[in-house]
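What follows is calculated from the coordinates using simple rules that are stated; it is not laboratory data. Nothing here was measured: the structure is a model prediction, and the numbers come from that model. Positions of Cβ are backbone-derived with ideal geometry, glycine not excepted, and every protein chain shown enters the neighbour counts.
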Amino acid sequence: MKVVINHKEVELPADVDNVAALLNSQGISENGHAVAVNNRVVPRKDWASFRIEDGMKITVIKAVCGG
């Protein structure tokens, strides 16, 4: 299935069907990140159950410290 992650089209393996699996497949740590799918934030507690479907637009944001 094809999705768009941070404005880049990505082909996902067939077994990647939820947000947690998507992050893992892309080598992205779950810590310190927020995820939005089709411009709606997905709460971390829902990552394992939120289904990824073909054509979805996913934004992954990394929190940074600063001042």
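Here GLY27 meets the list (1) at positive phi; (2) of a type outside the set (Lys, Arg); (3) part of a strand (DSSP E or B) almost entirely, failing just condition (3).
Just wondering, is there one or more residues in region 27-34 that are free of Cβ contacts under 8 Å to residues at least 24 places away in the same chain, of a type in the set (Ser, Thr, Tyr) and exposed (fewer than 15 other Cβ atoms within 10 Å of the Cβ)? Yes - at least one qualifying residue is present in region 27-34. Restricting attention to region 10-24 and to residues that are out of contact with any strand residue (DSSP E or B) (no Cβ under 9 Å at 6 or more places or on another chain) and not hydrophobic (A, V, I, L, M, F, W, C), the residue that is surrounded by the most Cβ atoms within 10 Å (Cβ to Cβ) turns out to be ASN24.
In region 35-54, the qualifying residues are those that are surrounded by 11 or more Cβ atoms within 10 Å (Cβ to Cβ), of a type outside the set (S, T, N, Q) and out of contact with any helix residue (DSSP H, G or I) (no Cβ under 8 Å at 6 or more places or on another chain), and the one that is nearest to VAL3 (Cα to Cα) is ALA36. Could you list, in sequence order, all residues of region 1-24 that are outside any strand (DSSP E or B) and more than 29 Å from CYS65 (Cα to Cα)? The answer is MET1, LEU12, PRO13, ALA14, ASP15, VAL16, ASP17.
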